[in-house]
Structures are given as C-alpha cells and as structure tokens.
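The values are calculated or read from the model by the stated rules, or taken from the named source; none is laboratory data. This structure is a prediction, so every number in the text was calculated from the model and none was measured. Methodologically, a virtual Cβ is constructed for each residue, glycine included, from the backbone with ideal geometry; neighbour enumeration extends over all protein chains shown.
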Amino acid sequence: MQFAEAYASEDIVLQTARSLAHELGLDSVTPAAGSVLRLLAAAGSAKAVVEIGTGAGVSGVWLLRGMRPDGVLTTIDVENEHQRIARRIFVEAGFAPSRTRIITGRALDVLPRLADGAYDLVFVDADVTEFGACADAALGLLRPGGVLLVNHAMAGGRITDPSARDVDTLTIRETLRAVRESEEWIPAIVPSGAGLLAAVKR
C-alpha cells in the first residue's frame, strides 16, 4: 500500500489542494486512489463526469486529468466555501472554467435534475449515510458501460469487523451488498486509499 501511494506522485497543485483540505478538516482521496480515478476516467474516455463531494478539489483535479480535453466535470457540494477553494485549484491546475460545472446543494436534491444516461463516470465521496441513495441515482445517470466509484468502501478498516455496528459501517456494508447483488452492476473493490467500490453499469 505504501508503494502504491508513493508511486502516484502529486504536483504542487495537488499538494496545495491537499493542504487546504486538511486545514478545512476534510478527508481527500489519497494519491493512489486519485490515480485510480484518473485511470478509469481515461480508460472510458470520459467526457461527462459527476463528482459528489467537491471538497478542496483534490479528486476533481485527478478526474479532470483523466478526462477528455473537452470533458466537463459536474461537481456537487453543500459547502460554498469548499467550492470557492476548489474553483481556484482547478484554474491553478490549468483547467478553463468551462471544464467544470460547480453546483452548491445537497446531492440528493441536485442529482434528480441531471440528465439520465448522460454520464460516463459518477464518483461518490460525500455523506456516508447517502451512499446507497447516491448509488441508486448513479444507475440512472450513467450510460451503459459507465462507471460508479464510491470512496471509503473499507469503512476505515471496519468493513470486515463483525463487531462494528456503527451507522456508517452498516450503511457502507449495505451499499456494497446491494451493488454486488444487483444484476445491473459489474462490481469490484479496489483497495487503494480508503477503498473504492467500483462498478460498471451493464
């Protein structure tokens, strides 16, 4: 795991974004998890991506760097202040303002307003209690062959601990189970960073 994190090097823009996120008390995707986001965005030639949880822009930069040059990242967060910082980070990373659509609001209020079947990738890194609902929404938003990614799939290392019965862990377990048992997803767990649930829409 340490080698995987060291292998995914970050430039000064990502280091700055990560530092700002830390100051705000936000968890960001680790470098290894970020490199997986970039890889899957690139593998799918992603043009339209939804990110739930803008934070300070760390994951957004990783996604944008994997997307097509004409791709647009739609990123949603309840905190306007976080998005103000992320907007600056995106510009510093060299992305024109037209490459991002930044929406302030609750994900579950915003997602129903987005176009069905229009997205190549959906990344969920927001309130754990909304993971299941966000995964359900992603199924409608993604085109066939589109990718769902959910951060924190390992529940802080508690996912395999039968004594862990806190709400977050139970919610993550239920989301993982529902995606695995659904005939509409082809899922896998990627053990990078905090763990990523990855699933391709059939």
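Filtered by the rule that a residue be among the small types (Gly, Ala, Ser) and touching a Ser or Thr at 6+ places or on another chain (Cβ under 7 Å), region 113-147 gives Gly132, Ala135. Of the residues making up region 82-125, those that are over 24 Å from Leu14 (Cα atoms) and charged (D, E, K, R) number 4.
The residue pairs whose first member lies in region 178-202 and is acidic (Asp, Glu), whose second member is in a helix (DSSP H, G or I) and at pLDDT 95 or above, and whose beta carbons are closer than 7 Å, counting only pairs six or more residues apart or on different chains, are Glu184/Leu139.
Being in contact with a strand residue (DSSP E or B) (Cβ under 7 Å, 6 or more places away or on another chain), in a strand (DSSP E or B) and either among the charged types (D, E, K, R) or at pLDDT 95 or above (or both) is a property that holds for Leu197. Residues of region 180-197 being closer than 16 Å to Ala32 by Cβ and not hydrophobic (A, V, I, L, M, F, W, C), which ones? Once the filter is applied, which keeps residues that are closer than 16 Å to Ala32 by Cβ and not hydrophobic (A, V, I, L, M, F, W, C), region 180-197 yields Pro191, Ser192, Gly193, Gly195. When you look at Arg101, is it under 22 Å from Gly117 (Cβ atoms) and either modelled with pLDDT under 95 or in contact with a strand residue (DSSP E or B) (Cβ under 8 Å, 6 or more places away or on another chain) (or both), yes or no? Criteria met by Arg101.
So which residues in region 1-57 are at positive phi and among the hydroxyl-bearing types (Ser, Thr, Tyr), if there are any at all? Scanning region 1-57 gives a single hit, Ser45.
Looking at Leu24, Leu63, just one residue is touching a residue at least 12 places away in the same chain (Cβ under 8 Å) and under 21 Å from Pro191 (Cβ atoms), and that residue is Leu63.
For region 175-189, state whether one or more residues are in contact with a helix residue (DSSP H, G or I) (Cβ under 9 Å, 6 or more places away or on another chain), among the hydrophobic types (A, V, I, L, M, F, W, C), surrounded by 14 or more Cβ atoms within 10 Å (Cβ to Cβ) and not in a helix (DSSP H, G or I). Checked region 175-189: at least one residue is in contact with a helix residue (DSSP H, G or I) (Cβ under 9 Å, 6 or more places away or on another chain), among the hydrophobic types (A, V, I, L, M, F, W, C), surrounded by 14 or more Cβ atoms within 10 Å (Cβ to Cβ) and not in a helix (DSSP H, G or I). Does region 104-119 contain any residue that is more than 13 Å from Val50 (Cα to Cα) and touching a Phe, Trp or Tyr at 6+ places or on another chain (Cβ under 9 Å)? No, that holds for no residue. Taking region 21-39 as the range and being closer than 26 Å to Gly145 by Cα and touching a Gly at 6+ places or on another chain (Cβ under 7 Å) as the test, the residues that pass are Val29, Thr30, Ala32, Ala33, Leu37, Arg38, Leu39.
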